[in-house]
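A short worksheet on the structure shown next.
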Amino acid sequence: MSSDAGGWDGRVRRARHLAAKNDSAAALLEFYAVVLTCQGDLARSIRAGLPARPTGSLEDDLSIVCRAAPAFVGAVVARAPETLAAEGRRLLDASERLLGDALLRWWGAPSDREFFPKAILQPYARSLADAGVTPADRTLPRTNNRCPFCGGSPQLAILDPVTASAVETGGRRLLCATCLGTWPFRRVLCARCGEEDEHKLAYFRSPAFDHLRVDACDTCRHYLKTVDLTRLGVAVPLVDEVAGAPLDVWAREHGYEKIELNLLGL
Ligand SMILES: [Zn+2]
Ligand SMILES: [Zn+2]
């Protein structure tokens, strides 16, 4: 697993930088910068509460996460669009036990349509990864298209400059939607259905986003976006993927479904 290079602060800086360029996704990126800032604060609270050697079981750590979560939810609610804010207010009104149940449910059966559990458990999973402790009670399949650390779905793909160590995969990695770690993944291979016939795999680029690409599969009709670090080394994949929102609109219009919606639901 790769380390969390740059961490939350690096993601916040990148989101603010891209928002200031005031392109079509500026409002989205401004909100994402708020969310990432709050996730950074949440990560610090969780880390401070975790024992020096966590067990890796969310159930064991649940009270720590549930005590840290309301400050996060409240801060997001203050800046969120109304539908999301209403969802957050419901969580704030719920008992700690109900919040804990929602988190445990999501941990075992993640959905990319539930903002708050995903947003709260990303920093938790990241904290486990940073501590080198494998999640103990996340019994998701560890197929090669899922995160070998936590079983999460791929949020996006990354192309790195090909170094000797990455020759086999052509420098391609997938980034986990839960723990945000990455793992190597063969270059010509659908990250959802495993299609490897290059005639069934299509790549689309737009001049507006030189370092982004839509990788689509005509067998399962799913796609994910690739952030090409050989074209833009300063990109922060998680954030640049969100900035490429117009490509999601384009892909959807062409009949492709995203493997995993990003945190902002795109
Ligand atoms: Zn993961
Ligand atoms: Zn496929």
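Please tell me if Pro161 is free of Cβ contacts under 8 Å to residues at least 24 places away in the same chain and open to solvent by 10 Å² or more (accessible area, probe 1.4 Å). No, not satisfied.
In the stretch 206-225 there is at least one residue that is modelled with pLDDT of 95 or more, open to solvent by less than 10 Å² (accessible area, probe 1.4 Å), more than 16 Å from ligand 1 (Cβ to nearest atom) and of a type in the set (Phe, Trp, Tyr).
What do you reckon, is Leu232 over 18 Å from Asp112 (Cβ atoms) and away from ligand 1 (no atom under 16 Å from the Cβ)? Break it down into steps so the answer makes sense when it comes.
Values: over 18 Å from Asp112 (Cβ atoms): yes; away from ligand 1 (no atom under 16 Å from the Cβ): yes.
Yes, satisfied.
When we screen Gly233, Gly265 for residues that are away from ligand 2 (no atom under 16 Å from the Cβ), closer than 29 Å to Ala109 by Cβ and outside the structural domain of Ala26 (by TED's automatic domain parsing), the only hit is Gly265.
I'd like the full set of residues that are touching a Gly at 6+ places or on another chain (Cβ under 9 Å) and open to solvent by less than 40 Å² (accessible area, probe 1.4 Å), limited to the stretch 181-198.
Residue satisfying the conditions is Gly181 alone.
Looking only at residues of the stretch 191-204 that are in contact with a His (Cβ under 9 Å, 6 or more places away or on another chain) and not aromatic (Phe, Trp, Tyr), we find that the one that is farthest from ligand 2 (Cβ to nearest atom) is Ala191. With a requirement of 2 or more residues that are in contact with a Ser or Thr (Cβ under 6 Å, 6 or more places away or on another chain), the strands (runs of 3 or more DSSP E) lying completely within the stretch 184-266 that satisfy it span 209-217. Scanning the stretch 37-50 for residues that are open to solvent by 20 Å² or more (accessible area, probe 1.4 Å) and either touching a His at 6+ places or on another chain (Cβ under 7 Å) or closer than 15 Å to Arg67 by Cα (or both) turns up Asp41, Arg44, Ser45, Arg47, Ala48, Gly49, Leu50.
Only one of the numbered conditions (1) crowded, with 21+ Cβ neighbours inside 10 Å; (2) free of Cβ contacts under 8 Å to residues at least 60 places away in the same chain; (3) aliphatic (A, V, I, L, M) is violated by Leu201, and that is (1).
Within the group Glu241, Glu198, which residue is over 21 Å from Ala33 (Cβ atoms) and at pLDDT 95 or above?
Details: Glu241 fails: over 21 Å from Ala33 (Cβ atoms).
So the residue among Glu241, Glu198 that is over 21 Å from Ala33 (Cβ atoms) and at pLDDT 95 or above is Glu198.
For the stretch 122-158, a residue qualifies if it is closer than 20 Å to Pro237 by Cβ and within 16 Å of ligand 2 (Cβ to nearest atom), and the qualifying residues are Asn144, Asn145, Arg146, Ser153, Pro154, Leu156, Ala157. For the stretch 79-108, the tally of residues that are under 16 Å from Tyr32 (Cα atoms), among the charged types (D, E, K, R) and surrounded by fewer than 13 Cβ atoms within 10 Å (Cβ to Cβ) stands at 1. Taking the stretch 164-180 as the range and being open to solvent by less than 20 Å² (accessible area, probe 1.4 Å), over 16 Å from Tyr223 (Cβ atoms) and part of a strand (DSSP E or B) as the test, only Cys176 passes.
The values are calculated or read from the model by the stated rules, or taken from the named source; none is laboratory data. Model, not experiment: these values are computed from the prediction. Note that each Cβ is placed from the backbone with ideal geometry, even for glycine, and that neighbours are counted across all protein chains shown. Keep in mind that these areas ignore ligands, DNA and RNA; they rest on the heavy atoms of the full protein, side chains included. Shrake-Rupley method; radii C 1.70, N 1.55, O 1.52, S 1.80 Å.
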